[in-house]
Amino acid sequence: VQADGTDGSCVTFVLHDEDHTLGNSLRYMVMKNPDVEFCGYCITHPSESKINFRIQSRALLSQGTLPAVEPFRKGLSDLMGVCQHVLSTFE
């Protein structure tokens, strides 16, 4: 995890042993969150199996800024729910 600033609203997560499969799916789920201003990922090098996943959350009116780790966790949870639904429908 690499955070910019002191409030934790802009964070880059380094995910090892992952590629576009998780990166693009997770980016889609995180961007559905209205509290997220920016979300993107990049693969550092084609021969490395890791991605840099960056989230910047919006400033909330009454509470300051939302820590970027919260939309990251929610995105992972939502993605797991979608995968469970697809699996149960397939079976």
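Any read-out appearing in this document is the output of simple, stated calculations on the displayed coordinates, not a laboratory observation. Small disclaimer: the values here were computed from a predicted structure and weren't measured. Heads up, the Cβs are rebuilt from the backbone with ideal geometry, glycines too, and the neighbour counts pull from every protein chain shown.
Counting each DSSP H run of 4 or more residues in the chain as -39500 (n - 2.57), what helix-only mean residue ellipticity at 222 nm follows after dividing by all residues, to the nearest 500 deg cm²/dmol? Mind showing how you got there, number by number?
Values: 2 runs with 34 residues, N = 91.
Calculated at 222 nm, the ellipticity per residue is -12500 deg cm²/dmol.
Can you tell me how much longer the chain between Gln84 and Tyr28 gets when fully stretched, taken as 0.36 nm per residue apart minus their C-alpha distance, in nm with one decimal?
Values: separation 56, 0.36 × 56 = 20.16 nm, distance 1.68 nm.
Length difference between fully extended and current span is 18.5 nm.
Just to confirm the number: angle between the C-alpha axis of helix 20-31 and the first principal axis of the chain, 0 to 90 degrees, nearest 10?
Helix 20-31 and the main axis of the chain meet at about 50 degrees.
Work out the charge dipole of the chain with +1 on the Cβ of Lys and Arg and -1 on the Cβ of Asp and Glu about the Cα centre, then indicate which of Leu66, Ile43, Ser88 is farthest towards its positive end.
The one lying farthest along the dipole's positive direction is Leu66.
In a shell of Cβ-Cβ distance under 15 Å around Pro46, excluding Pro46 itself, what net charge do Lys and Arg (+1) and Asp and Glu (-1) give? If you can, show how the numbers build up before the last one.
Working: positive: Lys50; negative: Asp17, Glu18, Asp19, Glu48.
Spelling it out: positives minus negatives among the neighbours equals -3.
In the P(r) worked out for the range 3-90, what percent of Cα pairs fall beyond 22 Å? The partial results should precede the final answer.
Numbers: 1151 of 3828 pairs.
Value for the range 3-90 (Cα pairs over 22 Å): 30 percent.
Placing +1 at every Lys and Arg Cβ and -1 at every Asp and Glu Cβ, with all other atoms neutral, what dipole size does the chain have around its Cα centre, in debye to the nearest 20? It would help to have the intermediate numbers written out before the result.
Values: 7 positive and 11 negative charges, 37 e Å.
Its charge dipole is roughly 180 debye.
In Å, what is the Rg of the alpha-carbon atoms in the range 4-45, and how long is Dmax?
Reported Rg and Dmax, both Å: 11.3, 31.
In degrees, nearest 10, range 0 to 90: what is the angle between the Cα axis of helix 69-90 and the longest Cα principal axis of the chain?
For helix 69-90, the angle is close to 20 degrees.
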